[in-house]
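These notes concern the structure reproduced below.
Any read-out appearing in this document is the output of simple, stated calculations on the displayed coordinates, not a laboratory observation. On a predicted model such as this, the values are computed, not experimentally measured, just so you know. Here the Cβ is made from the backbone with ideal geometry for all residues, glycine too, and neighbour counts use every protein chain on show.
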Amino acid sequence: MSAPLVIRSTSEILWPSMVPPWPRALYCSGMSPTVWSYPTRILFGAGSASLTGKEAKSLIPDRVLLVTDAGVIRAGLTSKIEASLAAEGIQARIFSNLSSNPTEAEVEAGAQAYRSMAAQGVVAVGGGAAMDVAKLIVVRSRVDRSFEELDDAKGGDRFIPRELPPVIAIPTTAGTGSEVGRAAVLTVASTGSKTVIFAPSMLPRVAILDPELTVSLPASATAATGFDALTHCLEAYLAKGDHPMADGIALAGLELIARHLPRVLRDGADLKARGAMLKAGMMGAAAFQKGLGACHSLSHPLSAELGLHHGLANALCLPAVVDFNEAVVPDRVQRVATIFGAPPTPGSCGEVLRALRRSVGIAGGLAAAGITREQLPRLAALALGDACHQGNPRTCSESDFQALYAASL
Ligand SMILES: [Fe+2]
């Protein structure tokens with residue numbers, strides 16, 4: 001194995017919810033500065049998962065809970081990681097009793113496993129669910145309040161301490177980017193609702209991107225998670241707000257996806273393409289601290305209410321959203337079109353995304369996924385209640401959402 005590439009961003013950690021270290025007078029004058037923050041240490045490279053133990057040693061010296069799921073264990077993806085932890089004298093216990101949409105009961109069971117071994121931190125190996133549960137377990141290790149009280153929409157982040165035990169995140173899919181994110185989602189038992197828990201201290205200390213861990217991902221999951229990464233980059237680039245770093249990362253992520261998503265679908269064992277998609281997934285999540293958009297508001301009810309895969313739901317709604325947004329940000333939309341090989345002309349971006357979708361095996365639209373016209377009014381009401389469209393460059397009404405769903409059928 002060649003030495004992994006270690007990507008370091010700013011050494012100064014600026015967290016949006018903290019008072020930044022510049023003069024108070026700046027605030028008092030009404031000049032609130034924008035905060036740009038990319039603090040995660042990231043190891044990238046084929047075989048880099050075997051360095052987990054070395055990375056963990058200074059953070060989690062003796063006992064670690066390894067959070068993963070049954071599919072990841074069956075695919076044999078944890079063995080190299082367990083061996084590297086053992087080589088450093090770190091005792092690891094596996095917790096894998098979690099589903100693709102984590103519940104409060106699963107998190108509490110994980111927290112119990114964490115307490116019972118007196119763990120000092122968590123290594124998460126898997127997709128977004130494993131990484132989210134890992135973050136929530138370390139929250140629970142320091143906070144007794146109910147997850148309903150910790151709901152970010154209710155200001156629950158004020159109850160979460162600025163220091164939490166460390167999480168090391170090792171993704172086995174290329175899409176969510178949760179390894180560089182500060183949020184986690186779980187279904188809370190008392191409300192039955194998906195609830196976002198957010199705190200800067202939930203950010204993993206280290207992310208390890210090893211393309212060897214994604215080669216066994218089936219084609220359908222590769223396409224859907226790849227479209228999730230694409231949607232993160234595209235929505236971040238179009239989102240309202242001034243964030244040149246996020247814009248640059250989003251454009252670079254889109255270039256990686258345009259070149260490598262079709263390639264990885266042709267040959268799932270292509271490590272270079274798998275690596276490029278892992279980078280793009282991570283970059284999409286780094287970029288969307290700028291904001292997301294209407295596509296995620298459309299896709300969330302499709303997943304929460306009707307069980308559609310999140311990335312697939314994004315893939316099915318994204319072209320219509322791009323067409324809708326082109327009226328207000330034509331230059332940005334047409335710049336994205338050129339990245340995917342289309343001319344910078346009206347409507348070309350939506351069309352090239354539809355063609356890409358077909359080429360990676362996602363045929364048809366929402367109707368082919370079982371969504372009916374009768375379901376659209378309720379879905380549109382839920383989409384309006386979702387927070388993501390606050391970042392969309394064009395304001396969306398409930399009837400806009402209904403039209404966007406209809407255009408995606
Ligand atoms: Fe997403």
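Here are the numbers:
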{"read-out": "Order of Glu104, Glu326 under a 10 Å beta carbon neighbour criterion, fewest first", "value": "Glu104, Glu326"}
{"read-out": "Residue-by-residue Karplus 3J(HN,Hα) for the range 251-256, coefficients 6.51, -1.76, 1.60, Hz, glycine and proline x", "value": "5, 5, x, 5, 5, 4"}
{"read-out": "Long-range HN-HN contacts of Thr195 with modeled amide H, under 5 Å", "value": "Leu186, Thr187, Val188"}
{"read-out": "For peptides 70-82, 358-370, 121-133, sequence by mean Cβ density within 10 Å, most packed first", "value": "121-133, 70-82, 358-370"}
{"read-out": "Reachable lysines from Lys54, criterion Cα separation under 20 angstrom, eight or more residues apart if same chain", "value": "Lys80"}
{"read-out": "Order of Ser116, Ser201, Ser48 - criterion: other Cβ atoms within 10 Å of each residue's Cβ, fewest first", "value": "Ser116, Ser201, Ser48"}
{"read-out": "Cβ charges +1 (Lys, Arg) and -1 (Asp, Glu), total dipole of the chain, debye", "value": "660"}
{"read-out": "Rg over Rh, two decimals, the chain (C-alpha only, Kirkwood Rh)", "value": "0.95"}
{"read-out": "Proximal aspartates and glutamates relative to Lys57, as straight alpha-carbon distance under 14 Å, when same-chain residues fewer than 8 apart are discounted", "value": "Glu82, Glu88"}
{"read-out": "Antiparallel bridge percentage (DSSP; both residues within the chain; nearest 5)", "value": "30"}
{"read-out": "Förster radius 22 Å - calculated FRET efficiency between Asp144 and Asp62, Cβ distance, rounded to 0.05", "value": "0.35"}
